[in-house]
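Undergrad: Can you read through this structure? Questions will come right after.
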Amino acid sequence: MRELVRKNPEFFLFATLAAIALRLLFILGVPAITADSLVYGDIAKNWLQHGIYGLSGPARISPTDIRLPGYPGFLALVFAIFGTEHYRAVLLVQLVVDLATCLVIADLACRLLSPRAAKAAFLLSALCPFLANFAGAALTETWEVFFTVLALDFAINGFEDARGLRWFACGLACGGAMLFRPDGALLPIAIELYLAALIARRLARPVPPKTRAYEVESLLRAGLVLAISALLPLVPWTIRNWHTLHVFQPLAPRYANQAYAFVPRGFERWMKTWIADYASTEEIYWAVPGNPIDSSYLPIRAFDSPDEEQETRRLLDDYNRRLEINPELDSRFERLAEERIRQDGWRYWVWLPSLRIASMWLRPRTEILPCNRRWWEFDEEPQWLAVMIVFGIVNLLYLAAAILALVRRQQVPYRGLLLGFVILRSAFLGTLENPESRYTLELYPVVILLAASLSRNRASRRENERQPRRRFDQMRSLLTKWGVGHAKARANVLGKQFDGRSIAHRIGLGQIFHRLDQQALAFNVARIRIAFPATGRLGSNGNGKNLGHQNLLGRFWNRMRTTEYNARPFVFQLLSSLICFHRLACERLASLRVRSWGSTDCFPFLSLKALSGIFSWRRISE
């Protein structure tokens, strides 16, 4: 990534300046200091000034666990440097964090796709109005997105280089995400599930037992390091909750309630029998407790019959008289919810969660702007109406580009991990009774990566099509340099095929022959696909064993025509190829030759390491 920045300084300079200008527009023009921001700020002040992680009360400060310590700790640090309740400084620091997020997204695109896609990803993230908008809000989203992208970057780096340090860093980034929001735990779960899928895949693949054991062991080690390092940041928080509040709470309470406080679960369940949009969250869900509820805001889907409508209005009238939900009123909401679920279980378990997910993805994302929460009514001031329309269109364009990349089957390595994270988090968000669009912001880096994959053009594809010929020329020059006669090193390329995912070589003799080396058959770091045309009888390898289609090598070639294959990274392959070829050329060149047919010269019998290292096959998606 640093090399890409050095080669394109003007592009990154102007894109960064545009990103700063866009974020300053939100920070200086419409900063968002919400009720949640004040809760975080109150905890930070008490922690900083009194050493108590708690909320201010009429008489004393009450210790709490309703918010994780990540964002209050960040606020306390900024308050200690710039002054208490200096939220403008908080937003300016978040601007820098958001710019770092854009760079990490670009690094992911460079690692997975290409330098051109990295530039597109940086531009898309730098000019994304939703990331910029939340950089101007004193909320956890900016930090949560940063740690999410950082964890994904470390994870993909770990798949390419299985050393434990990368997985340890990935786990720490996941732990950082969990310290800011409890739903950050979905990220390490998604990575662990992907590792489990890879292990199952390795176990089902027909490879030598030693190779299978090596691959499974490396994946298990990665999963173990990830789990331990992800839980490490939560240990002090868990110990504090047990010591101070006498509860085991490694994250935060599901309903953001104080320890041992009454939770109106019946009301929560009744909300989930009909809520599907953010407007109802503001008008009804957040009104409890302390504010009256206007029953006219209830949508038609909240009632199944006139009798049920009357019962619902009576319950809301009883609440409005108390402005709180006691256990008796909560039990009545519970009975109403049970009746609605019994009448239509499909609606409760499938239809409404799907509507909530669609609402969180497709809403114009103006919930922290002074826009009408009932956006579909188009009843507000002209300037904010224009902002709402622009936000809605931009959101649809980002999503449409990502969907187009999936439809066109753009080659995105580790797409299973990225889409698995999106599906897992979206499914979880569908179970919430407060659908807010900001909860999907952590998934927007995946949307940007998929959209950036469309940046590949015909010129880059033509450049890639020339790679097989260059690799063939490199191999021939290496063979000649190492003392193999030019007649023996020469081969005619009869045809080649490149479709962005596979490289097919038809070289003189029909093939370049591989030496079956079980220790070099499979390593789970880089993945290649080789397509071989049919070959005829290959003659003898010097020790009397036939290498035709009826033996192991022939069956191996046939399998390689249609299956995918694992190999070591290019650098390690190249070093291995030098050693293997030197040994073959010096010790066994005379005995390891294959007869030629007609006028076509033949190659010495090369090992798999040598061929894969010299050719440097294009890595594709795991």
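Undergrad: Is it fair to say residue 421 is closer than 19 Å to residue 141 by Cα and touching a helix residue (DSSP H, G or I) at 6+ places or on another chain (Cβ under 9 Å)?
TA: It is true that residue 421 is closer than 19 Å to residue 141 by Cα and touching a helix residue (DSSP H, G or I) at 6+ places or on another chain (Cβ under 9 Å).
Undergrad: Among the residues of region 82-122, write down those that are of a type in the set (Val, Ile, Thr), within 30 Å of residue 52 (Cβ to Cβ) and at pLDDT 95 or above.
TA: 90, 93, 96, 97
Undergrad: Restricting to region 279-310, count the residues that are among the hydroxyl-bearing types (Ser, Thr, Tyr) and touching a Lys or Arg at 6+ places or on another chain (Cβ under 6 Å). Steps first, please.
TA: So the first thing to find is which residues in region 279-310 are among the hydroxyl-bearing types (Ser, Thr, Tyr), and the list is 280-281, 285, 295-297, 305.
Keeping just the survivors that are touching a Lys or Arg at 6+ places or on another chain (Cβ under 6 Å) gives 295.
The qualifying residues number 1.
Undergrad: Considering only residues of region 88-109 that are over 22 Å from residue 445 (Cβ atoms) and open to solvent by less than 30 Å² (accessible area, probe 1.4 Å), which is nearest to the chain's Cα centre (by Cα)?
TA: So, considering only residues that are over 22 Å from residue 445 (Cβ atoms) and open to solvent by less than 30 Å² (accessible area, probe 1.4 Å), the one nearest to the chain's Cα centre (by Cα) is 90.
Undergrad: May I ask you to list the residues in region 388-413 that are modelled with pLDDT of 90 or more and open to solvent by less than 30 Å² (accessible area, probe 1.4 Å)?
TA: 388, 391, 392, 395, 398, 399, 401, 402, 405
Undergrad: Here's a follow-up. In region 333-353, what residues are among the small types (Gly, Ala, Ser) and surrounded by 14 or more Cβ atoms within 10 Å (Cβ to Cβ)?
TA: The one that is among the small types (Gly, Ala, Ser) and surrounded by 14 or more Cβ atoms within 10 Å (Cβ to Cβ): 337.
Undergrad: Are there any pairs with C-beta distances below 7 angstrom linking a residue in region 134-154 that is farther than 12 Å from residue 34 by Cβ to a residue that is part of a loop (DSSP other than H, G, I, E, B), with the two at least 6 apart or on different chains, and if so which?
TA: Hits for this filter: 144/181.
Undergrad: So which residues in region 278-303 are assigned to a helix (DSSP H, G or I), hydrophobic (A, V, I, L, M, F, W, C) and either modelled with pLDDT under 90 or surrounded by fewer than 17 Cβ atoms within 10 Å (Cβ to Cβ) (or both), if there are any at all? Steps first, answer last, please.
TA: So in region 278-303, the residues assigned to a helix (DSSP H, G or I) come out as 278-285, 295-297, 300-302.
Now narrow it down to the ones that are hydrophobic (A, V, I, L, M, F, W, C): 279, 284, 300, 302.
If the condition is that a residue be assigned to a helix (DSSP H, G or I), hydrophobic (A, V, I, L, M, F, W, C) and either modelled with pLDDT under 90 or surrounded by fewer than 17 Cβ atoms within 10 Å (Cβ to Cβ) (or both), then 300 is the only one that fits.
Undergrad: Limited to region 6-59, what total is found for residues that are crowded, with 16+ Cβ neighbours inside 10 Å and either at pLDDT below 90 or touching a Gly at 6+ places or on another chain (Cβ under 8 Å) (or both)?
TA: 9
Undergrad: One residue is enough: does region 286-298 have a residue meeting the conditions free of Cβ contacts under 8 Å to residues at least 12 places away in the same chain and closer than 24 Å to residue 345 by Cα?
TA: No.
Undergrad: Can you name the condition, by its number, that residue 162 falls short on among (1) modelled with pLDDT of 95 or more; (2) aliphatic (A, V, I, L, M); (3) open to solvent by 20 Å² or more (accessible area, probe 1.4 Å)?
TA: Failing condition for residue 162: (1).
Undergrad: Is it the case, given these coordinates, that residue 201 is without any contact (Cβ under 8 Å) to a residue 12 or more places away in the chain, closer than 23 Å to residue 416 by Cβ and open to solvent by 30 Å² or more (accessible area, probe 1.4 Å)? Give the steps one after another, and end with the answer.
TA: Working: without any contact (Cβ under 8 Å) to a residue 12 or more places away in the chain: yes; closer than 23 Å to residue 416 by Cβ: yes; open to solvent by 30 Å² or more (accessible area, probe 1.4 Å): yes.
Here the answer is yes, as residue 201 does meet what is asked.
Undergrad: Now, a different point. Could you please give the count of residues in region 138-186 that are among the β-branched types (Val, Ile, Thr) and under 16 Å from residue 223 (Cβ atoms)?
TA: Looking only at that region, the number is 1.
Undergrad: Could you go through region 207-220 and let me know if any residue there is surrounded by fewer than 12 Cβ atoms within 10 Å (Cβ to Cβ) and within 14 Å of residue 69 (Cα to Cα).
TA: Checked region 207-220: no residue is surrounded by fewer than 12 Cβ atoms within 10 Å (Cβ to Cβ) and within 14 Å of residue 69 (Cα to Cα).
Undergrad: Looking at the structure I just gave you, is residue 450 part of a helix (DSSP H, G or I), crowded, with 20+ Cβ neighbours inside 10 Å and among the aliphatic types (A, V, I, L, M)?
TA: It is true that residue 450 is part of a helix (DSSP H, G or I), crowded, with 20+ Cβ neighbours inside 10 Å and among the aliphatic types (A, V, I, L, M).
Undergrad: Follow-up. Kindly indicate the residue of region 361-387 that is aliphatic (A, V, I, L, M) and over 20 Å from residue 126 (Cα atoms) and also modelled with the highest pLDDT among those meeting that condition.
TA: Filtering region 361-387 for residues that are aliphatic (A, V, I, L, M) and over 20 Å from residue 126 (Cα atoms), the one modelled with the highest pLDDT comes out as 362.
Undergrad: Residue 275 versus (1) in contact with a Lys or Arg (Cβ under 9 Å, 6 or more places away or on another chain); (2) part of a helix (DSSP H, G or I): which is the lone unmet condition?
TA: Failing condition for residue 275: (2).
Undergrad: Let me ask something additional. Looking at region 304-332 only, could you name the residues that are more than 18 Å from residue 285 (Cα to Cα), open to solvent by less than 50 Å² (accessible area, probe 1.4 Å) and either outside any helix (DSSP H, G or I) or of a type outside the set (Asp, Glu) (or both)?
TA: 305 - this is the single residue of region 304-332 that is more than 18 Å from residue 285 (Cα to Cα), open to solvent by less than 50 Å² (accessible area, probe 1.4 Å) and either outside any helix (DSSP H, G or I) or of a type outside the set (Asp, Glu) (or both).
Undergrad: From 17, 48, which residue is in a helix (DSSP H, G or I) and closer than 30 Å to residue 115 by Cβ?
TA: Only one candidate passes the filter, namely 17.
Undergrad: So in region 57-87, with the set limited to residues that are assigned to a loop (DSSP other than H, G, I, E, B) and of a type in the set (A, V, I, L, M, F, W, C), which one is nearest to residue 253 (Cα to Cα)?
TA: Here the residue is 66.
The values are calculated or read from the model by the stated rules, or taken from the named source; none is laboratory data. Worth saying up front: this structure is predicted, and the values here are computed from it rather than measured. Cβ coordinates were reconstructed from backbone atoms using ideal geometry, including for glycine residues, and neighbour counts include every protein chain displayed. With ligands, DNA and RNA removed, areas are computed over all heavy atoms of the protein, side chains included. Shrake-Rupley method; radii C 1.70, N 1.55, O 1.52, S 1.80 Å.
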